[in-house]
Amino acid sequence: MRLRSLAAVSLIALACARAPTPRAAAAAPGAGPADYFPLAVGNEWIYRDESPVLPPAQRGNERTVRIVERTADGYFKDTERGELRADAGCLHDRTRRLLCGPIAAGTRWTSIVSASSTERYEIAGVGEAVTTPAGAFQGCVRVRAHNRAGPDADHVLEITYAPGVGPVKLETFSVVGSAVTPQVRAVLRAYRIGGK
């Protein structure tokens, strides 16, 4: 999964109709979107595909995403052709805003990705604990994105960001009526930030 895929491709398969999980009301004082996704050339993340739609024998494939350059206009380009930049208020790619401040449960924003598609985002959880094969992460922020797929259908994407690490978990769901179907699940297996 490329960084772009984590958001863009997964937005194709979004959806979630779960009850909100308990969470803290706000992030660490002064924390901003850039604190949850360190962008620098050389940073690297390895994700394991645990998608429930795959047969068990096909789960476990891994994808490495490495930032390889910074473009003239300030975007960080990765090995999967994704491009991200953190500005004062938001972390975004060239099409959508992925994480916006203030970092507090309930913060909402939208991204218009085409004439017929508007994605609605919300910080669904702050101060969460997440465990993946890469370790246990505290103080995580979970962002939920909704995209209408039809009159009675939604796609939902949830990305959980760990401070100083980046995305540690990604899940997508398809919701048709009251039926929720998990689709994509990727978890962080390893990472290297700042040459570490």
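FYI, it's all coordinate maths here, none of it is from the lab. Just so it is clear, the structure is predicted and the values come from calculations on it, not from any experiment. When we count neighbours, we look across all protein chains shown, and the Cβ atoms used for this are built from the backbone with ideal geometry, even at glycine.
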Original post:
If you project the alpha carbons of the range 103-153 onto their three principal axes, what span does each projection cover, largest first, in Å?
Top reply: 40, 24, 19
Original post:
Using the count of nearby Cβ atoms within 10 Å as a rough guide to exposure, how do SER117, SER174 rank from fewest to most?
Top reply: SER117, SER174
Original post:
Among GLU62, GLU83, what is the fewest-to-most ranking by other Cβ atoms within 10 Å?
Top reply: GLU62, GLU83
**OP:** Please report the relative contact order for the range 3-192, taking Cα pairs under 8 Å with a sequence separation of at least 6, and give it as a percent rounded to a whole number.
**Re:** 29
**OP:** Using a cut-off of under 16 Å, list every residue of the range 163-192 whose amide N is near the label point 7 Å from the Cα of GLN58 along the Cα-to-beta-carbon line.
**Re:** 182-186
Original post:
Do any trypsin sites (Lys or Arg not before Pro) in the range 44-144 lie in a DSSP loop with no more than 16 other beta carbon atoms within 10 Å, and if so, which?
Top reply: ARG59, ARG81, ARG94
Subject >> Sorted by Cβ neighbour density within 10 Å, fewest at the top, the residues ILE112, ILE46, ILE67, ILE123 >> reply: ILE112, ILE46, ILE67, ILE123
Original post:
Alpha carbon centre of the range 49-123 versus the range 136-195: separation in Å?
Top reply: 10
Subject >> q = 0.09, 0.18, 0.19 Å⁻¹: log10 I(q)/I(0) that the Debye formula gives for the range 3-192, counting C-alpha atoms only >> reply: -0.30, -1.31, -1.46
